[in-house]
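Novice: Questions regarding the structure given below will be posed in turn.
Since every read-out is calculated from the coordinates, none of them should be taken as a lab result. In this text the structure is predicted, and so the values were computed from the model without any measurement. Cβ atoms come from the backbone with ideal geometry, glycine included; neighbour counts cover every protein chain shown.
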C-alpha cells in the first residue's frame, strides 16, 4: 500500500487504494477536516475535490456513521455515485443514488438501509420535510458546488438539518465568489468553522498542476459591424437621455451604464404608481434594454446573432408599443438590411474569423471546448467551423431544448473522438463529466470569476492545457475581461480574510472551553 494512504489511519481499509494515488494537498486537507469541524474546501476545477470527499466519507463510515453527498444536478450526482462506487470498498447495495426517479415508497426503504446516499438536494430536502429521512445517524454531509447554497435553495434546508443534528458539513467549490457579504452568508448558511483553500501556486499543489497558458487575442469590430453599431448607439442614447431627464437613469451615455444599473432602472419603473408616467418610462426603458442587447450582439458576437435576435422580436405574437416602434424605425431597418447583405457576401464578425484562425493555426487536431454565451452564436460558430473543414458540435442545455440523455450522448461522442471541438453554453462549465481538453476558448469574456474558473478548469486536467480569450476592442468584452480578472484576485484575498476571522473565533472558543474546564476543576 502506498505511503500516502498510510498517513490517513485505519479507515483507509475502506478506500480503494489501487484506484488512485492521493496527492499531498489532498492528504493535508483531509487531515484537517478529520477534526470534525465544518469546512469549506476551495480547490480549482480538476484538482480532485471528489477524492477529498471520499477520504472523509471513509473516515466517518469507519466510525459507524452514515454519509450523504449532494450535488446540484442529476448528471453530476450520477458522476459522483459512480466515482464513490469505485473509490470506496463498499457493497454496491450500500451506496444509493437518489435523483427523483425512484417512487416514494421504494425510495424511503432504500434510504433507510443505505450507508452512503448520493443525491440531488431537492430530492433529499423533500424527504426530510416529510420526515421520511433524518440525519440522526449521519456523521457527514458533503455539499458539492456549495456556492449555490443561497436563499431558499434546498442546500440551505439540508445545512439547517445538519446544524440541528450535529452533523459535520464539508462544502466543496472551485470558487465561492468575490463578494465578502456573499461569502460570509455562505459561511453562515453552512455553519462553516474553517476554510481550506488552494491555488495553483501553493507549495503542496504546484507539483501536480499541469502547465496552463492563457492568451488574450484582441480584434477590432470591422467596418461592417462598426457601421451597424453606429446606427444603433444613437437610438439607445436618445431613449436613455429621456430616462435620465426624469431621474431614472444615473447616466446619459450608454458606455457609462453598467448592466446591473440598467436592470435596476426596470425595478424602479415597477414601483411607479402614476400610470401615464410609468407607461412613458417603460416605453423608453424597453427601447434601451432591447437595443442595448442588439448592440452587444452585433459588437461582440456577430452578424448572425444580431439578426437572430431582431428576428425573435419580430416573431413575438404580442408586441409592445416600443417593440413595434423599433421594428418600424428606419435606422434600425437599415442596420438589419446592412447585416443581411454582409452575411450574404460571406462576411463575419472579425472575432469569428479569429476563432477559425486560432483553431487552424494553434490548435489543429487538438481537443477544444469553445464557450459562447448565446445559442445563436453557438449555432453560427459550429456552421463556420465545419464549413472550414473542422469537426465541431454544439452542446446546449435543457433550456435550449436539449434533454439530459442527449447531453450524455454528445459528451460520449466527444469522448470517442467523433468530433474534437465542443461548442458549449454555460452547461459545459459544471455538472457534467466532460473529458479534459487540450484547450478552452472563450468566444467572449464573462464577468464572473466562478464561471471563468470553471471554464478554465476544463483544460489540462491531466496534461498541459491552454486558455484563449477572444476580445473585441472598445466593447463590453474589455470591461468583462477586466472585471473577471479583478474578481479572481479579490476572491483569494477575501477568503483569506474570512478564514482568519474564523480562526480567531475558533481560538476564542477554545480558550473559553479551557476556562470552563478550569472552573469545573476548582468547583
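Novice: What is the helix-to-structure angle for 476-522, meaning the angle in degrees between its Cα long axis and the longest Cα principal axis of the chain, kept from 0 to 90 and rounded to the nearest 10?
Specialist: Around 20 degrees separate the two axes.
Novice: Only Cα pairs under 8 Å and at least 6 apart count here; give the relative contact order of the chain as a rounded whole percent.
Specialist: 16
Novice: Which value in Å does the Kirkwood hydrodynamic radius of the stretch 147-244 take, with 1/r averaged over all unlike C-alpha pairs and then inverted?
Specialist: When all Cα pairs of the stretch 147-244 are included, the Kirkwood radius is 18.8 Å.
Novice: Arrange the peptides 350-362, 105-117, 63-75 so that the one whose residues have, on average, the most other Cβ atoms within 10 Å appears first.
Specialist: In descending order of packing, they fall as 63-75, 350-362, 105-117.
Novice: Estimate the FRET efficiency between residue 318 and residue 353 by the formula 1/(1 + (r/R0)^6), using the beta-carbon distance for r and 41 Å for R0, to the nearest 0.05.
Specialist: 0.60
Novice: Using only the Cα atoms, work out Rg/Rh for the chain, with Rh taken as the Kirkwood radius, to two decimals.
Specialist: Radius of gyration over Kirkwood radius for the chain works out to 1.02.
Novice: Once the stretch 251-305 is represented by equal point scatterers at the alpha-carbon sites, with solvent omitted, what log10 I(q)/I(0) does the Debye formula produce at q = 0.12, 0.15 Å⁻¹?
Specialist: -0.33, -0.49
Novice: In Å and whole numbers, how far do the C-alpha atoms of the stretch 223-344 stretch along each principal axis, longest first?
Specialist: If we take the Cα atoms of the stretch 223-344, the spans are 48, 33, 22 Å.
Novice: For the stretch 1-66, what are Rg and Dmax over the alpha carbons, in angstrom?
Specialist: That works out to 11.3, 31 Å for Rg and Dmax.
Novice: Across 5 Å bins from 0, what is the distribution of all Cα-Cα pair distances for the stretch 275-403, in whole percents?
Specialist: Pairs per bin, as whole percents: 2, 9, 17, 19, 16, 14, 10, 6, 4, 2, 1, 0, 0.
Novice: Kindly identify the stretch 26-132 as rounded, prolate or oblate by the Cα gyration tensor criterion: order the square roots of the eigenvalues as a ≥ b ≥ c, call it rounded if a/c is under 1.5, otherwise compare a/b with b/c, prolate if a/b is larger, else oblate.
Specialist: Verdict is prolate for the stretch 26-132.
Novice: For the stretch 3-208, what does the relative contact order come out to in percent, with C-alpha contacts under 8 Å and a separation of six or more?
Specialist: Once divided by the residue count of the stretch 3-208, the mean separation gives 28 percent.
Novice: Follow-up question, since we're still on this one. Give me Rg over Rh for the stretch 3-208, both radii from the alpha carbons and Rh done the Kirkwood way, two decimal places.
Specialist: Radius of gyration relative to Kirkwood radius: 0.94.
Novice: Taking 4 °C and 1.567 mPa s as the conditions, I'd like the Stokes-Einstein D for the stretch 319-374 in µm²/s, using the Kirkwood hydrodynamic radius from alpha carbon pairs.
Specialist: The diffusion coefficient I find is 90 µm²/s.
Novice: Sort 35-42, 494-501 by packing, meaning the average of other beta carbons within 10 Å per residue, with the highest value first.
Specialist: 35-42, 494-501
Novice: Give the peptides 146-155, 299-308 in descending order of average Cβ contacts within 10 Å, highest first.
Specialist: Final packing ranking: 299-308, 146-155.
Novice: Related question: For the stretch 221-281, what is the largest minus smallest coordinate of the Cα atoms on each principal axis, given in angstrom and ordered from greatest to least?
Specialist: Each principal axis gives a Cα extent; for the stretch 221-281 these are 45, 21, 15 Å.
Novice: Once the Cα atoms of helix 259-270 and of the chain are each reduced to a long axis, what angle between those two axes, in degrees from 0 to 90 to the nearest 10, is obtained?
Specialist: 80
Novice: Let me ask you something else. Can you give the helix-only mean residue ellipticity at 222 nm for the chain, where every DSSP H stretch with n ≥ 4 adds -39500 (n - 2.57) and the sum goes over all residues, rounded to the nearest 500 deg cm²/dmol?
Specialist: One gets -16500 deg cm²/dmol as the mean residue ellipticity at 222 nm.
Novice: Next question. Using a simple spin-label model with points 7 Å from Cα along the Cα→Cβ vector, what separation in nm is obtained for residue 164 and residue 405?
Specialist: Distance between the two pseudo-spin positions: 3.8 nm.
Novice: Next question, about the same structure. Return the distance in nm (one decimal) between the two label points of a simple spin-label model at residue 37 and residue 388, each offset 7 Å from Cα along Cα→Cβ.
Specialist: The modelled label-to-label distance comes out at 5.2 nm.
Novice: Distance in nm between label sites at residue 103 and residue 185, each 7 Å beyond Cα in the beta-carbon direction?
Specialist: 4.1
Novice: With both partners inside the stretch 3-208, how many of the DSSP beta bridges are antiparallel, as a percent to the nearest 5?
Specialist: Expressed as a percentage, antiparallel bridges in the stretch 3-208 total about 5.
Novice: Could you give the length gained by full extension between residue 277 and residue 344, i.e. 0.36 nm per residue of separation minus their alpha carbon distance, to one decimal place?
Specialist: That works out to 19.8 nm of additional length.
Novice: By how many degrees, between 0 and 90 and to the nearest 10, does the Cα long axis of helix 330-344 differ from the longest principal axis of the chain?
Specialist: 70
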